[in-house]
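Enquirer: Here you go, one structure.
Here, each number is a calculation from the coordinates, and none is a lab measurement. All values reported here derive from a predicted model rather than from experimental measurement. So basically every Cβ, Gly included, is an ideal-geometry build from the backbone, and we count neighbours across all protein chains shown.
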Amino acid sequence: MKSLPLNKAFTLIESGPVVLVTTNDGHKANVMTITWTMVLDFSASFAITTGPWNFSYAALTRTKECVLAIPTADMIDTVVGIGMCSGRDVDKFATFPVTAGKAKHVGAPLIKECLGNIECRVVDIIERYNIVILEGVAAYFDAAREDKRILHAVGDGTFIVDGATLDRKEMMRAKLPPGV
């Protein structure tokens, strides 16, 4: 093995998944691209990393709700475009090919073009690390969506796309919660 600069070590484990996070401050819906995400457990608890540098952060911390929308590989240019501008300056729903859908439990919109959407409430913010802990309150999946490949950010401007699915459900059954 060759030495890897420590400031690039995150590229070994950062590989997504990429999510679009929608918010609504009561006046305007916004969407931001987040690549630092984590599943906390089987009960629909998640974490994202964001902070005051993102325009959506004020709405997220004030309303304590958002939607995690899961884009697919065919949406990569939209995902990158959304992430390269600020909702402070751009109406992203008017600028990019994403359609806001009405959520049932939160004021933030769903994104109809995405493979899945998870309505979430903020349950904690760990300010020292800019980690927002979310609890899912409803989830939706578009089984009719042709492209189901998920994007994973490496963190250096490149992305990995899901490939073949390797099924080991029966082998892992004892560790999986009922219904999974």
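Enquirer: Report the charge-dipole magnitude of region 15-175 in Debye, nearest 20, computed about the Cα centre from +1 at each Lys and Arg Cβ and -1 at each Asp and Glu Cβ. Kindly include the intermediate steps, with their values, before the conclusion.
Expert: On the way: 17 positive and 19 negative charges, 74 e Å.
With Lys and Arg at +1 and Asp and Glu at -1, about 360 debye.
Enquirer: Residue-wise, which Karplus ³J(HN,Hα) couplings in Hz belong to region 56-71, taking 6.51 cos²θ - 1.76 cosθ + 1.60, θ = phi - 60°, and x for glycine or proline?
Expert: Couplings: 5, 4, 4, 5, 4, 6, 6, 7, 6, 7, 6, 10, 8, 9, 9, x Hz.
Enquirer: Now for a different question. Under 18 Å Cα to Cα from LYS102, which aspartates and glutamates show up? Leave out anything in the same chain fewer than 8 places away.
Expert: The qualifying aspartates and glutamates are ASP25, GLU65, ASP91, GLU113, GLU119, ASP142.
Enquirer: A further question on this structure: Given R₀ = 22 Å, FRET efficiency for VAL90-ASP147 by Cβ-Cβ distance, to 0.05?
Expert: According to the calculation, E is roughly 0.30.
Enquirer: Given the pairs LYS28/LYS112; LYS64/LYS112; LYS28/LYS64; LYS148/LYS169; LYS2/LYS175, which span a C-alpha to C-alpha distance of over 26 angstrom in this model?
Expert: LYS2/LYS175
Enquirer: Taking only DSSP H segments of four or more residues, each worth -39500 (n - 2.57), what value at 222 nm results for the chain once the sum is divided by all its residues, to the nearest 500 deg cm²/dmol? Each step should come with its number before you reach the end.
Expert: Details: 4 runs with 24 residues, N = 180.
Helices in the chain give a 222 nm mean residue ellipticity of -3000 deg cm²/dmol.
Enquirer: I would also like to ask the following. Note down the nm distance, to one decimal, between modelled labels 7 Å out along Cα→Cβ at ALA47 and at GLU135.
Expert: For the pair ALA47/GLU135, the computed spacing is 1.8 nm.
Enquirer: Please check: in the Gaussian network model of the chain (C-alpha springs, under 10 Å), which one of THR22, THR35, THR99 has the largest mean-square fluctuation.
Expert: Among THR22, THR35, THR99, the largest GNM mean-square fluctuation belongs to THR99.
Enquirer: When the chain is treated as a GNM, springs tying every alpha-carbon pair under 10 Å, which of LYS64, LYS28, LYS92 comes out with the largest mean-square fluctuation?
Expert: Maximum among the listed residues: LYS28.
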